[in-house]
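For reference, the structure is listed below as structure tokens.
The values are calculated or read from the model by the stated rules, or taken from the named source; none is laboratory data. This one's a predicted model, so the numbers in the text were calculated from it and none came from an experiment. Virtual Cβ from ideal backbone geometry, glycine too; neighbours counted across all protein chains shown.
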Amino acid sequence: MSELPVNMAEGEVIDFDVMSEKWNVYELNDERPVKIKGKIVLMKVSKFPVYNPSGDPIYGTASQTIFATFATKEMKGRPSFPPPSLQQISASITRELDFKVIEEHWNEYQFRDGTVHRLKLVITGVQKTSLFAGDGDPIYYILSQTVGRMIVPPELKRKSSPPTPPNLGYTK
């Protein structure tokens, strides 16, 4: 699959409204169950003057993933100070943990042009480290992906023209 070339500087920043932005809830299978909440937050949207092969406008988005842990008192440890870097966290992984999904939601945003953008945060793996956060909760290295879907109003779609056959050097 090839990507359409998009010059990020050509995008027009457009406003959007948050229709739904809920926390996902997971339970880690650590020494004791640990509740984790996660959320993906849409921060900025740009619309580009190009269209995909289906005729939909191309959008660029900036988002941030947030996680919070809720460990029991027995799971807490001495906070790591100063707060560890990503390299220190990666180097301190002790084991892979299983987890279960308690709640997973689609976030929904409506762009100023009427397009609806749906985003879903999906955890794909969790690894425990030997480090502890400022509140004493264990630090977990969480792997996640974002699944997205655009619902574009018909009036914003461009009708695609039939493909032009390649010129193979033949003449009539």
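Things to note:
- The range 35-58, residues that are more than 15 Å from the chain's Cα centre (by Cα), surrounded by 13 or more Cβ atoms within 10 Å (Cβ to Cβ) and of a type outside the set (K, R): I36, S46, F48, V50, Y51, N52, G55, D56, P57, I58
- Filter result for F132 (over 20 Å from I58 (Cβ atoms) and among the aromatic types (F, W, Y)): yes
- Count - residues of the range 81-100 that are closer than 10 Å to F132 by Cα, within 28 Å of the chain's Cα centre (by Cα) and loosely packed, with under 14 Cβ neighbours inside 10 Å: 1
- Scanning the range 62-80 for residues that are surrounded by 14 or more Cβ atoms within 10 Å (Cβ to Cβ), among the hydroxyl-bearing types (S, T, Y) and without any contact (Cβ under 8 Å) to a residue 60 or more places away in the chain returns a single hit, S80.
- Among the residues of the range 8-31, those that are in a loop (DSSP other than H, G, I, E, B), at pLDDT 95 or above and not acidic (D, E) comprise K22, W23.
- Sole residue being at positive phi and out of contact with any Pro (no Cβ under 7 Å at 6 or more places or on another chain), chosen from G55, G114: G55
Table: residues versus (1) more than 14 Å from the chain's Cα centre (by Cα); (2) more than 23 Å from P33 (Cβ to Cβ); (3) modelled with pLDDT of 95 or more.
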site	(1), (2), (3)
Y109	no, yes, yes
L119	no, yes, yes
G125	yes, no, yes
P163	yes, yes, no
K172	yes, yes, no
